[in-house]
1. Out of segment 205-250, which residues are within 25 Å of Val180 (Cβ to Cβ) and among the basic types (Lys, Arg)?
2. Any residue in segment 217-237 that's without any contact (Cβ under 8 Å) to a residue 40 or more places away in the chain: show its pairings with residues that are surrounded by 15 or more Cβ atoms within 10 Å (Cβ to Cβ) and polar (S, T, N, Q) at Cβ separation under 8 Å, as long as the two are six or more apart or on different chains.
3. Pick out the one residue from Val191, Val180, Val146 that is surrounded by fewer than 20 Cβ atoms within 10 Å (Cβ to Cβ), touching an Asp or Glu at 6+ places or on another chain (Cβ under 7 Å) and among the hydrophobic types (A, V, I, L, M, F, W, C).
4. Taking segment 32-54 on its own, how many of its residues are more than 15 Å from ligand 1 (Cβ to nearest atom) and surrounded by 15 or more Cβ atoms within 10 Å (Cβ to Cβ)?
5. Test of understanding: among Val228, Val170, which residue is aliphatic (A, V, I, L, M) and either within 14 Å of ligand 2 (Cβ to nearest atom) or buried (at least 22 other Cβ atoms within 10 Å of the Cβ) (or both)?
6. Among the residues that make up segment 156-165, is at least one of them surrounded by 18 or more Cβ atoms within 10 Å (Cβ to Cβ), farther than 19 Å from Ala82 by Cβ and in contact with a helix residue (DSSP H, G or I) (Cβ under 9 Å, 6 or more places away or on another chain)?
7. For segment 9-31: of the residues being closer than 24 Å to Pro166 by Cα and assigned to a strand (DSSP E or B), which is nearest to ligand 1 (Cβ to nearest atom)?
8. Out of all the residues in segment 12-59, which are over 18 Å from the mean Cα position of the chain (by Cα) and among the small types (Gly, Ala, Ser)?
Amino acid sequence: MSTLDIQNLHASVETTEGLKPILHGVNLHIGDGEVHAVMGPNGSGKSTTAYALAGHPKYHITEGKVLLDGEDITDMTADERARAGLFLAMQYPVEVPGVSVTNFLRTAKTAIDGEAPKLRDWSKKVKEATANLKVDPDFIARDLNVGFSGGEKKRTEVLQMELLEPKVAVLDETDSGLDVDALRIVSEGVVHTHEKTNNSILLITHYSRILQYIKPDFVHVFANGQIVKTGGAELADELEQTGYDAVVGA
Ligand code: ADP
Ligand code: MG
Ligand code: MG
């Protein structure tokens, strides 16, 4: 099973002037194996939602709760949430000098499973995943995200997801900055993992293009730290044609 239940989520971000409230009661239920897209204007709190879910230490949940497969993860640390089965592909992946992609992946897998993956099995999986994502095998010897292009960073995020096989994947603008070929390859990677593991996906995006590949069961519109409208896949096209203001009624 892989469900995510976000109940009345209020969250604040730590700033130099203190805590700044960003989320004002987000409610979202993602059923087993469902794909939910979240769209909305810049600054509406989409990434804050992603960070609050993943347990980023600068993003504080001040009210409400988050359940993963019925288990309350609200007070867990980021690693505990990852072990519980949550994965976040960040909008701006962090550069980690001195840690190669391949070492990072193996360390993450070991931390999440509680034991190191069998070497031969693991090598095979890494080979498959890199081939699927058309990642050059030499690439994974490089330091994580250091000097990577925007597209390479996004591809590396999806590579992580393919190998870690989380129950719930939150993908924050994984499509931004990708050319059409890269978008197709990355999307196919996401769909491949989804079909293999029946994970649940929360897909944050500005563009309906990625939703042609990763078909959402529901589309939500985010504004001012809340979900203001929910619909089916057609809502994404409507948003792209008319803009957020027309749909949200701002
Ligand atoms: P979105 O992903 O929808 O574009 P964000 O969640 O990144 O929006 O940001 C929501 C709001 O929170 C914005 O007004 C943004 O400026 C503010 N915010 C986010 N992170 C920080 C931070 N670290 N310090 C100050 N303000 C922040
Ligand atoms: Mg599905
Ligand atoms: Mg964002």
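1. Correct list: Arg209, Lys215.
2. Asp237/Ser208
3. Within the list Val191, Val180, Val146, the selection yields Val146.
4. Looking only at that region, the number is 4.
5. After ruling out the rest, the residue left standing is Val170.
6. no
7. Among those that are closer than 24 Å to Pro166 by Cα and assigned to a strand (DSSP E or B), it is Ala11.
8. Within segment 12-59, Ser12, Gly18, Gly25 qualify.
Read-outs: derived from the displayed coordinates by stated rules, not from any lab. Note that this is a predicted model, so its numbers are computed, not measured. No Cβ is skipped: glycine too gets one built from the backbone with ideal geometry, and neighbour counts run over all protein chains shown.
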